[in-house]
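First comes the structure, then the notes that go with it.
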Amino acid sequence: MPTPQWTEVGTSSANTAKTTTRAAVLNQRHYITAIDVIVRGATAANDIRIELRDGSTVEWNTYIGSGKVQGERYAMVWPATDEVDGVQLSVNTAANLVVAAGGASVITEANISGYTK
């Protein structure tokens, strides 16, 4: 797997959804190699949906279950295959990591890493 060229970082406000974005690059595509979402501020009152989007199209999603406490994290690393390294997104499209609100006083920190070519 190639070493990530970039990492985008986003922090939500309390009980607020957050989108962390890597802007589109003309005539190139992003490949996502890893994401990481950390809960802080309070215990998650509800499930927190995480979506990796190719522009506005959901390519992958999961949930951080309710009851996750401050400091707990969800991480995903996509391995290389024979055809591609990471999740291949469309040409000329932004990579968006969308993390839903987690409940009162819950803050999330989201990291998305990858490369562009």
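The values are calculated or read from the model by the stated rules, or taken from the named source; none is laboratory data. Computed from a predicted structure; not experimentally measured. Just the protein is used for accessible areas: all its heavy atoms, side chains included, with ligands, DNA and RNA removed. Shrake-Rupley method; radii C 1.70, N 1.55, O 1.52, S 1.80 Å.
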> What accessible area per residue comes out for region 71-117, rounded to a whole number of Å², with a 1.4 Å probe?
Replying inline: 46 Å²
> Amide H to amide H under 5 Å from residue 43: which residues, 5+ apart in sequence or cross-chain, H placed 1.01 Å off N in plane?
Replying inline: 70
> Tell me, what % of the accessible area of the chain is carbon and sulfur with a 1.4 angstrom probe?
Replying inline: 45 percent
> Residue by residue through region 32-44, which ³J(HN,Hα) values in whole Hz follow from phi under the Karplus form 6.51 cos²θ - 1.76 cosθ + 1.60 (θ = phi - 60°), with glycine and proline marked x?
Replying inline: 8, 9, 6, 9, 8, 10, 10, 9, 8, x, 5, 6, 4
